[in-house]
Amino acid sequence: ILSLCILLLAYLLVAKEERIVLTPTLLADTELTTSAPSPEYLEQVTRDISNLFLNRHPHNLSYFRENILRLADPTAHGQIEAALMATERRLLATKTSTVYYQTEIFVDPSKLYSEIRGELHTYLGPERVSEERKVYAADWSYRSMRLHLQDFFPIDIDTAKSYTAALTRATESEQ
């Protein structure tokens, strides 16, 4: 009987699905489950991480680096930090800043993948020196009900899923 009770308790602990309701700084109430982040949550975190990566000025580089690294997957932390430091050195040396105007976000929670489409403006001092349409992708990991950034990178506009997919969410059949 004791063994049966222990097995039953073990099953109940493993089978229980936990939820956390998140509200601060998010556009709407959203929740996380033990299986995957909701499309709304992944969309909002994608929006926030793209702002941290792409709206850069020599005066806010260390602040943005620290906040990006808080979201970094422990297995990718060193690579992400090295890339951020290289970008910081380049922006400081050239006195360059960037502003990214987001126009569309695509998320696929089942694959822990997201894309963001928009316009990247580059400034040298007060002068805008370039303006280009760009798409960036993010790969994520999800453990212990916590979303971690694994990678953030530019992708080719012509092959981006955000161009042909639903505006903000993967379809129900993809999940």
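Read-outs throughout are calculated quantities, based only on the coordinates presented, and are distinct from any laboratory measurement. What you see is a predicted model; the values in this text were computed from it and never measured. For neighbour counting, all protein chains shown are included, and Cβ atoms are generated from backbone atoms with ideal geometry for every residue, glycine included.
Backbone phi angles across segment 96-111, fed through the Karplus curve with coefficients 6.51, -1.76 and 1.60 (θ = phi - 60°), yield HN-Hα couplings of 9, 9, 10, 9, 10, 9, 6, 10, 7, 10, 10, 10, 9, x, 5, 9 Hz in residue order; Gly and Pro are listed as x. About its Cα centre, segment 33-76 has a charge dipole of approximately 200 debye under the convention of +1 per Lys or Arg Cβ and -1 per Asp or Glu Cβ, with nothing else charged.
If R0 is 45 Å, the Cβ-Cβ spacing of Ser3 and Tyr101 corresponds to a FRET efficiency of close to 0.15.
Residue separation of Arg133 and Asp156 scaled by 0.36 nm, minus their Cα-Cα distance, works out to 7.3 nm of gained length.
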